[in-house]
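Some notes on the structure that comes next.
The values are calculated or read from the model by the stated rules, or taken from the named source; none is laboratory data. Model, not experiment: these values are computed from the prediction. So basically every Cβ, Gly included, is an ideal-geometry build from the backbone, and we count neighbours across all protein chains shown. Just the protein is used for accessible areas: all its heavy atoms, side chains included, with ligands, DNA and RNA removed. Shrake-Rupley method; radii C 1.70, N 1.55, O 1.52, S 1.80 Å.
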Amino acid sequence: MASNSPVTVYVPRDSAARSVGADAVADALRQAAAGRDRPVEVVRNGSRGMLWLEPLVEVATPAGRVGYGPVAPSDVEGLLSAGLLDGGDHPLRRGVVDELPWLARQKRVTFARIGITDPLSTDDYLCHGGLAGLRRALELPRAEVIAEVTESGLRGRGGAGFPAGVKWKTVSECSDELKFVCCNADEGDSGTFADRMVMEGDPFMLIEGMTIAAHAVGAREGYVYIRSEYPDAVATMRAAIDIARGNNWLGERILGSDLTFDLHIRVGAGAYICGEETSMLESLEGKRGMVRSKPPIPALEGLFGKPTVVNNVLTLATVPVIMARGAKAYQELGVQRSRGTQVFQLGGNIARGGIVETAFGVTLRELVEDYGGGTLSGRPVRTVQVGGPLGAYLPASMFDLPMDYEAFAEAGAMLGHGGVVVFDDTVDMAAQARFAMEFCAAESCGKCTPCRVGSVRGVEVIDRIVAGEDRDGNLALLEDLCELMTDGSLCAMGGLTPMPVRSAITHFSDDFLARDAHAAARTARTSGARTEDTA
Ligand SMILES: Cc1cc2nc3c(=O)[nH]c(=O)nc-3n(C[C@H](O)[C@H](O)[C@H](O)COP(=O)(O)O)c2cc1C
Ligand code: SF4
């Protein structure tokens, strides 16, 4: 039955989808649809986070949004002929996207709108609950907004897990006229992309969260510090800020309230250390990104010496929903002192990589085996690095560990920004340990000796170990060096680099045998170990 109202077809504009051809698919759809008798509207949505299905094309049908993926431009004619516009059958048809078990089992709170809406549509934003949190916050005294964020149990998602409400209270209690809200969008950890997806997929949510923070602490100006490797995120955030200003969601007397707040984008230059909050502030001030000694903490003396909230993208982006639904609804999710949801990012050698948002307490095994479907290579998983380049490598025997800040700390690991990077049984863990030291040497800001020099010596000692030179003596020396870096470094860059190194030695000591012995152990481990495809 032909109808004159256009059929809505969604093609993601997220850069992960674009990197595998989403723009060409959108063009092909527009062209192919133009020659047919039914009008089609192509909407560029965010990504649902099922990266192995990108580009995931969805069509709005009375039964819900039906997905097809991964779609190549050459598939488009065939899809249209197979009845794509009515959700028709085709080998690429995946079913109603919201009902796909992988997605339906998740608890999407921060990512609730991402992949569903057009990121720059104000109508979409408002239709899907946007601004409800800000409107409520603006009706409350500052102290009550802070109390709500504190009671929700929200902890910083950038790595350290510091309670957001406590940080905000410190800034709020400063009497300075000038204060700032800074969003850390440097996202340098390996295997992490959730911040990017928030900025590309739901930028108004981040703007709303920062505006609520500004109201809570009494700031009039804010900055989003975005890594230069994220040009799409930069462009989308800039466009969203302009639109927000045009709608009085930013600027003077926001939404008719007394709040005046404006936002600016700053683009980093590609240094991992600029993700460390004090380095980021130096960089924002136009200086070289070097770590500042603490105290004073940025909450008291931050940007240009003024009280400053520095929070990660996910932390700030989660505030609107907490304000809209109330602290209790968020606090009820999670375990122990890890409340709410965490946005896990599955990457590396994994069959189904992408975003899994669930309550804290999910196990690594559920993430890697159930959601992730095991390795992409089909070989057994040997280890998973959680928490970025400074995080521990965990062996399969630890995969039942619940994902919560304290449980991980007790196990000598850390959740960090929620990045989960999977390796199969061909990985060389001595090489990974060497890489941790090498990474630290390359990215150290150079301010303190344990990190600047220790990391270079670390590479050399590992080289001697695998060369078979006085293995026991050099292993003891490496442990000494790790202790020195942990205790003597000024910041967590040097202080945490020993974590991946030590975990590699503890759990995979065979890989630190001399090269010949190691090669023999590796051959024994990997020969005939290929498993069935678990995808
Ligand atoms: C070497 C290093 C790199 C870091 N990189 C980031 C980063 O890319 N993004 C981020 O939000 N926090 C990063 N952090 C943590 C920040 O210093 C800071 O704790 C965080 O931005 C505070 O926000 P939160 O409380 O919302 O987590 C890094 C820390 C260190 C030591
Ligand atoms: S630990 Fe490394 S990155 Fe941190 S202040 Fe020292 S030299 Fe700089």
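When ranked by the protection proxy of mean other Cβ atoms within 10 Å per residue, highest first, what sequence do the peptides 404-417, 271-284, 72-85 form?
Put in order of decreasing packing, that is 271-284, 404-417, 72-85.
Determine the dipole magnitude for the chain: charges of +1 sit on the beta-carbon of Lys and Arg, -1 on that of Asp and Glu, nothing else is charged, the reference point is the Cα centre, and the result goes in debye to the nearest 20. List each step's numbers first, then the result.
Values: 53 positive and 70 negative charges, 119 e Å.
So the dipole magnitude of the chain works out to roughly 580 debye.
Compute the projected area of the convex hull of the Cα atoms of region 454-535, averaged over all viewing directions, and report it in nm² to one decimal place.
7.1 nm²
Order of 229-237, 507-515, 213-221 by packing, highest average Cβ count within 10 Å first? Walk me through the numbers before you get to the answer.
On the way: 229-237: 19.2, 507-515: 16.4, 213-221: 23.2.
Peptide ranking by packing, descending: 213-221, 229-237, 507-515.
Antiparallel as a % of all DSSP beta bridges within the chain, to the nearest 5?
55 percent
Kirkwood hydrodynamic radius (Cα pairs, Å) of region 249-334?
15.3 Å
Taking only the C-alpha atoms, wrap a convex hull around region 1-72 and report its volume per residue in Å³ as a whole number.
81 Å³
Express in Å², to the nearest 10, the accessible area of LYS294 obtained by rolling a 1.4 Å probe over the protein heavy atoms while all chains stay in place.
100 Å²
Please compute the Cα-Cα pair-distance distribution of region 181-293 with 10 Å bins starting at 0, giving whole percents from short to long.
Spelled out bin by bin, region 181-293 gives 15, 45, 32, 8, 0 percent.
Could you look at the chain and say what percent of its accessible area is carbon and sulfur, using a 1.4 Å probe and all protein chains?
51 percent
So which helices of the chain fit the span-like rule, where a helix is a whole DSSP H run, its Cα atoms reach 20 Å or more along the axis, and its mean Kyte-Doolittle is at least -1.0?
Answer set is 203-217, 231-246, 429-443, 471-488.
Sequence gap of 8 or more, or different chains, plus Cα separation below 24 Å: how many lysine pairs satisfy both in the chain?
17
Extension gain ASP86-VAL456, at 0.36 nm per residue separation less the Cα-Cα distance, in nm?
Stretched fully, the ASP86-VAL456 segment lengthens by 127.2 nm.
Apply 1/(1 + (r/R0)^6) to the Cβ-Cβ distance of ALA329 and GLU479, taking R0 = 35 Å, and write down the FRET efficiency to the nearest 0.05.
0.15
Let me test this: with uniform point scatterers at the alpha carbons of region 310-395, what is the Debye-based log₁₀ I(q)/I(0) at q = 0.18 1/Å?
The computed values of log10 I(q)/I(0) come out as -0.88.
In percent, how large is the relative contact order of the chain, given Cα pairs closer than 8 Å and 6 or more residues apart?
Reported relative contact order: 13 percent.
How large is log10 of I(q)/I(0) for region 377-535 at q = 0.13 Å⁻¹ when the intensity is taken from the Debye formula with one equal scatterer per alpha-carbon?
Log-scaled intensity ratios, in q order: -0.62.
Multiply the residue separation of ASP232 and THR426 by 0.36 nm, subtract the distance between their alpha-carbon atoms, and state the gained length in nm to one decimal.
Once the chain is fully extended between ASP232 and THR426, it gains 66.4 nm.
For a quick size check, give me the Cα extents of region 1-129 along its three principal axes, largest first, whole Å.
39, 29, 25
Would you mind computing, in nm to one decimal, how far apart the modelled labels at ASP118 and ALA34 are, each placed 7 Å from Cα along Cα→Cβ?
Result: 1.8 nm between the two label points.
Projected onto the charge dipole of the chain (+1 at Lys/Arg Cβ, -1 at Asp/Glu Cβ, origin at the Cα centre), which of ALA411, SER257, SER190 gives the Cα projection farthest towards the positive end?
Highest projection toward the positive end goes to SER257.
Cα atoms only: what Rg and Dmax, in Å, come out for region 294-438?
Computed over the Cα atoms of region 294-438, radius of gyration and Dmax are 17.4, 53 Å.
Just the number, please: Stokes-Einstein D of region 102-180 in µm²/s, Kirkwood Rh from C-alpha pairs, 25 °C, 0.890 mPa s. Write down the numbers at each step before the final one.
Working: Rh = 15.2 Å.
Translational diffusion coefficient: 162 µm²/s.
Using a 1.4 Å probe on the protein heavy atoms only, what accessible surface does HIS128 show? Give it in Å² to the nearest 10.
Taking all protein chains as shown, HIS128 has close to 90 Å².
Nothing charged except the Cβ atoms of Lys and Arg (+1) and of Asp and Glu (-1): what's the magnitude of the dipole of region 200-314 about its Cα centre? Round to the nearest 20 debye.
The calculated dipole for region 200-314 is roughly 340 debye.
Order of 25-34, 343-352 by packing, highest average Cβ count within 10 Å first?
343-352, 25-34
How many angstrom separate the Cα center of region 361-413 from the Cα center of region 433-496?
24 Å
I'd like the Kirkwood hydrodynamic radius of region 390-440, using the inverse of the mean 1/r over distinct C-alpha pairs, in Å.
After inverting the pairwise mean of 1/r, the radius is 12.2 Å.
Over region 18-170, calculate the relative contact order: mean separation of alpha carbon pairs under 8 Å at least 6 apart, over the residue count, as a percent.
Relative contact order of region 18-170: 18 percent.
Please give the contour-minus-distance gain from GLU144 to ALA409: 0.36 nm per residue of separation, less the Cα-Cα distance, rounded to one decimal in nm.
Between GLU144 and ALA409, full extension yields 92.2 nm more.
Taking 7 Å along the Cα-to-C-beta vector as the label spot, tell me the LEU100-ASP262 distance in nanometres, rounded to one decimal.
4.2 nm
Over the Cα atoms of region 66-204, what is the Rg over Rh ratio if Rh follows Kirkwood?
1.09
Measuring from the lowest to the highest alpha carbon on each principal axis, how far does the chain reach, largest first, in angstroms?
79, 65, 39
Please give, to one decimal in nm, the separation of the simple spin-label points placed at SER527 and ALA132, each 7 Å out from Cα toward the Cβ.
6.1 nm
Say the dipole of the chain comes from +1 at the beta carbon of Lys and Arg and -1 at that of Asp and Glu; which of THR523, MET429, GLY158 then lies farthest toward its positive end?
Of the listed residues, the answer is GLY158.
Can you give the accessible area per residue of region 259-298, in Å², using a 1.4 Å probe?
Here the residues of region 259-298 average 42 Å² of exposed surface.
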